[in-house]
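Trainee: Structure in structure tokens, see below.
No value in this document is a laboratory result; all are computed from the given coordinates. Just so it is clear, the model here is predicted, and its values are computed rather than measured. All Cβ positions, glycine included, derive from the backbone under ideal geometry; neighbour counts span all protein chains shown.
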């Protein structure tokens, strides 16, 4: 199976079972809460935006730092 096959299979399951939307929403909200908490604790007492950008650049998630 390819990734596209899995996407198609998931879409079909969503069509037949809407409870999967609720599960997906719970998962995403949990990830957002965890990420928010992690970053808040990592940069506590520091310039949040500047520190977050430096960190994201260091792990390769952003390419260049912007001043805004």
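Trainee: Quick check: anything in the range 28-44 loosely packed, with under 10 Cβ neighbours inside 10 Å and free of Cβ contacts under 8 Å to residues at least 12 places away in the same chain? If you could, list the steps in order and put the result at the bottom.
Mentor: In the first step, residues of the range 28-44 are kept if they are loosely packed, with under 10 Cβ neighbours inside 10 Å; the result is 41, 44.
From what's left, free of Cβ contacts under 8 Å to residues at least 12 places away in the same chain: 41, 44.
Yes - at least one qualifying residue is present in the range 28-44.
Trainee: Let me ask you something else. Give the residues of the range 21-59 that are more than 30 Å from residue 10 (Cα to Cα) and in contact with a helix residue (DSSP H, G or I) (Cβ under 9 Å, 6 or more places away or on another chain), sorted by residue number.
Mentor: 39, 40, 42, 43, 48, 51, 52, 55
Trainee: A further question on this structure: Select from the range 41-61 the residues that are within 15 Å of the chain's Cα centre (by Cα) and in a helix (DSSP H, G or I) and list them in ascending order.
Mentor: Of everything in the range 41-61, those that are within 15 Å of the chain's Cα centre (by Cα) and in a helix (DSSP H, G or I) turn out to be 52, 56.
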